């Protein structure tokens, strides 16, 4: 299988990735990304194929490909950040609605929905 992206880590990058991979506070996703990069390092010898890396790390081949692609284009900085920065679904009950519900409940008046 022809691999389009081949990673080669510098010693400081390798040390940083190893510390992230062994850190107990790192998330599971970040640990998997770091393990993929460690397995793909061509400076440490012959790297595994992407399929073997996927099996060993418990991810899909596409995840391995995307991780290596991102590393080869952007290096380390964006690798260990989650892509989603905001909540994907806004809350159904906002602060104003909750305040209205509490105010209506405390007055004891029964409110019915008339299809408005």
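Descriptive notes on the structure:
- A simple spin-label model places the labels of residue 18 and residue 4 3.2 nm from each other, with each point 7 Å out along Cα-to-Cβ.
- Rg/Rh for region 11-80, where both radii come from Cα atoms and Rh is the Kirkwood radius: 0.92
- The mean sequence distance of close C-alpha pairs (under 8 Å, at least 6 residues apart), as a share of the length of region 11-80, puts its relative contact order at 26 percent.
- Label-point separation, residue 101 to residue 89 (7 Å along Cα→Cβ), nm: 1.5
- Per-residue Cβ neighbour rank within 10 angstrom, fewest leading, 96, 41: 96, 41
- Sorting the segments 42-53, 59-70 by their residues' average number of neighbouring beta-carbon atoms within 10 angstrom, most packed first, yields 59-70, 42-53.
- Label point distance in nm, residue 62-residue 27, each placed 7 Å from Cα along Cα→Cβ: 1.9
- When each of 20, 36, 30, 101 is scored by the number of other beta-carbon atoms lying within 10 Å, the sequence from fewest to most is 101, 30, 20, 36.
Since every read-out is calculated from the coordinates, none of them should be taken as a lab result. What you see is a predicted model, and the numbers here were worked out from it, not measured in a lab. Here the Cβ is made from the backbone with ideal geometry for all residues, glycine too, and neighbour counts use every protein chain on show.
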